[in-house]
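See below for the structure under consideration.
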Amino acid sequence: MSVSVGDMAPEFELKDQHGATVKLSDFRGRSVLVMFVPFAFTGICTGEICAMRDSRAEFVNDSVQVLGITCDSMFSLKEWASREGIDYPMLSDFWPHGETARAYGVFDDVRGCALRGTFLVDGDGVVRWSVVNQLGDARSLDDYRAALAAL
């Protein structure tokens, strides 16, 4: 079951690409774009994280934080983030495998990865907007901009 607009966002505690623990609740008071990415080092996924990197000022500031999440290991994410110049948190949902993606209703049991789900969580922890795309369907930063503007 996918998380719906108006629901409290499921809390999570995951390691980032540097091994630091990151919790959703660490960002209370700010909006958070929780962005699930299927696989590190793949074309569409790399395009999405790099587009976010290139628009970082819009999505990582005093009022909003982006958190990328994949089911890849922390070690893979460290290399991927380093290679692509990503300095926002990339979180590993590796073990228990896909637990956070499952909590948000975006885990693909057949492929063992997350779908392209993004959830805009407000400063109180409530989901205010979401989009879930299939693996081959990239998301648009314009949709993120519109959702943030509507808050």
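Worth pointing out:
- Packing-based ranking, highest mean first, of 136-144, 47-55 given that Cβ atoms within 10 Å are counted: 47-55, 136-144
- Cα gyration tensor, region 20-121 - rounded (a/c under 1.5), prolate or oblate: oblate
- Sequence-separation-based contact order of region 1-77, relative, with Cα cut under 8 Å and 6+ spacing, percent: 36
- Label positions at Leu135 and Asp108, each projected 7 Å from the Cα along the C-beta direction, are separated by 0.4 nm.
- Cα gyration tensor shape of region 68-118, rounded if a/c is under 1.5, else prolate or oblate by comparing a/b with b/c: prolate
- Seen from Val37, the other residues with C-beta closer than 11 Å to its C-beta sum to a net charge of -1, counting Lys and Arg as +1 and Asp and Glu as -1.
- Put the Cα centre of region 107-151 next to the Cα centre of region 57-71 and the gap is 12 Å.
- Each Cα pair under 8 Å and six or more residues apart adds its sequence gap; the mean of these over the residue count of the chain is a relative contact order of 32 percent.
- Protection proxy ranking, peptides 108-116, 87-95, 18-26, 120-128, average beta carbon neighbours within 10 Å, highest first: 87-95, 120-128, 108-116, 18-26
- Compared with the direct C-alpha span, the chain from Glu58 to Ala149 gains 31.7 nm at full extension, assuming 0.36 nm per residue.
All of the numbers you see were taken from the coordinates with simple rules; none came from a lab. Not measured: the values here are computed from a predicted model. Ideal geometry is used to build each Cβ from the backbone, glycine not excepted, and the neighbour counts take in all protein chains shown.
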